Amino acid sequence: MGKIWLASACIVYGLAASASDAIVEYVEADAQSSIELAQSIWEFAELGYLEERSSLRLQRYLGERGFSIEAPVAGMPTAFVASYGQGKPVIGILAEFDALPGLSQAAQPSRAPINENAPGHACGHHLFGAASVAAGVAVVQWLEASGQSGTVRVYGTPAEEGGSGKVYMTRVGLFEDVDVVLHWHPSDRNSAAPSSSTANKSGRFTFHGIAAHAAAAPDRGRSALDGVESMNYMVNLMREHVPSDTRIHYVITDGGDAPNIVPETAQVFYYVRHPKVARVIELFERVVTAGRAAALGTDTRMDYEVIHGNYPLLPNDALARIVDRNLRILGGISYDAAETRFAEEIRSTLLGEVLPLASAAEVQPFVFRQGMGSTDVGDVSWNVPTVGFGTATWVPGTPAHSWQAVAAGGTSIGHKGMLLAAKLLALTAQNLFEDPALIKAAAAELKERQGLDFDYSPLLGDRAPPLDYRL
């Protein structure tokens, strides 16, 4: 990567020394509308492929501001593509909006579900979607004012949480003519350092047995739950014999109906992760083998369905340096007195490493980070030069997928981070529209990182979108 890195670094450090006041002011001028948009999606808290109100709200917001909307797309009712402008370059901005199950939470610093067991935005996708839309609108205003040619597209991408919505959009070619894709994610810190994620493949394993009276005639039954438990036991033994950067986790989604009935059906849902695609394929097949062996040993039958599969994020240093520089120009997040009190109460509930509150105002070092989570942005990044970043929408130290993330995301703490993200997306898009050399360097780096023999093949195969996976 040496030659590309040096070339891109020279290009980036040759940029103007200050942020574009105009494009930042466009975001600020529409800030209240953006906040209201985010808050409505926070309240909807809809699960993957069920985000009907959230998707329509985003589409309406963009349509009212001049975008043409194509919806639905890629066989997903809540997916859309919003476009403005014409010609090259084409800059895409990703917008997520799905919530997580069981994490309903009020915007307060103690555990308080709004509705027990209901969904909540524990990964901040309400902020993600709203900031991306706000950035797209600001870029359109700048294109109109400057007379710059080009196209901006906002991609409404459903079901990131285990549904792989972007993979289906990639598979049908919706990114084929895009020059650069921008994305971001809510976080507990501000960082534009290059990073990767784990590849991920999931499957539901359903065991089929024979029901019988568990006390009077257990010999006449065959327990599907025994199959599930046997599979889990073998996979847990397997953990000693996998690479240390592997992650395997599961939940039993069906364990039977009553203790006095030998379970006729039972099901377990597995995720398998590793930084390398080839390893995930191999490890998932070992999990499948354990399932087959469990069925054989318990005299049951097993079938499985691949639910989703994601590539790891492919870093792009040429783009990351542009974003990092812009983030340092814009700066981090500062709390007022009320926000500080809220944040201190949240911090008292956190386990493990707790970052100082002051870190919300800082920008993290530009050092590569290997993350252990997964995202369907990975598949986009292997096909189009892609760059992402995080801003402090949560109290420092807050983990994603927690009630603390939901709480902060529904307050001004989350809104401040969201607006910073919108400005950073818009400013970076402006840089790319103005300087074709930046796009050229990013494209060259993508080709080098892909390798000569790269041939994209989705981990989820040719299956249709699992529109009912959250039902």
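We did not get these values from a lab; they are worked out from the coordinates using the rules stated. Since this is a predicted model, take the numbers as computed values, not measurements. Here the Cβ positions follow ideal geometry from the backbone for every residue, glycine too, while neighbour counts run over all protein chains shown.
Considering helices alone, the calculated mean residue ellipticity of the chain at 222 nm is -12500 deg cm²/dmol, with DSSP H runs of length four and up weighted by -39500 (n - 2.57) and normalised per residue. Paramagnetic label reach from Arg341 (point 7 Å along Cα→Cβ; backbone nitrogen cut-off under 13 Å): within segment 103-132, residues 109. Say a paramagnetic label sat at a point 7 Å from the Cα of Arg60, along Cα to Cβ; which residues of segment 83-120 have their backbone N under 14 Å from it? No residue qualifies, since no backbone N sits under 14 Å from the label point.
Between Gln370 and Leu296, the contour length at 0.36 nm per residue exceeds the alpha carbon distance by 22.8 nm. A Förster radius of 22 Å, combined with the Cβ-Cβ distance separating Tyr456 from Glu70, puts the computed FRET efficiency at roughly 0.45.
As a proxy for reagent exposure, Tyr456, Tyr155, Tyr469 were ordered by neighbouring Cβ count within 10 angstrom, fewest first; the result is Tyr456, Tyr469, Tyr155.
For the Cα trace of segment 199-310, dividing Rg by the Kirkwood Rh returns an Rg/Rh value of 1.04. For the residue pairs Lys166/Lys416; Lys201/Lys423; Lys423/Lys447; Lys88/Lys423, alpha carbon separations beyond 32 Å are given by Lys201/Lys423.
All other residues with a Cβ under 10 Å from the Cβ of Pro194 taken together, and with Lys, Arg as +1 and Asp, Glu as -1, what is their net charge?
On the way: positive: Arg321, Arg369; negative: Asp317, Asp324.
Result for the local shell: 0.
Placing a pseudo-label 7 Å from each Cα along the Cα-to-Cβ vector at Val251 and Arg286 gives an inter-label distance of 2.5 nm. With R₀ fixed at 22 Å, the C-beta to C-beta distance from Ala118 to Ser412 puts the FRET efficiency at about 0.40.
Length gained on full extension, Arg463 to Ala437, computed as 0.36 nm times the residue gap minus the Cα-Cα distance: 5.5 nm.
Here Phe433, Phe389 are placed in order of increasing Cβ neighbour count within 10 Å, fewest first, which gives Phe433, Phe389. So, in Å, what gap is there between the alpha-carbon centers of segment 302-359 and segment 81-130? After rounding, the separation between the Cα centres reads 14 Å.
Residues of segment 136-176 falling in the label zone of His401, defined by backbone nitrogen less than 17 Å from a point 7 Å along Cα to beta-carbon, are 159-165. The C-alpha atoms of the chain define a longest principal axis, and helix 52-63 lies at about 20 degrees to it. Summarising the label geometry, the points placed 7 Å from Cα in the beta-carbon direction at Asn260 and Glu448 lie 7.1 nm from one another. Fewest neighbouring Cβ atoms within 10 Å first, the residues Asp21, Asp254 line up as Asp21, Asp254.
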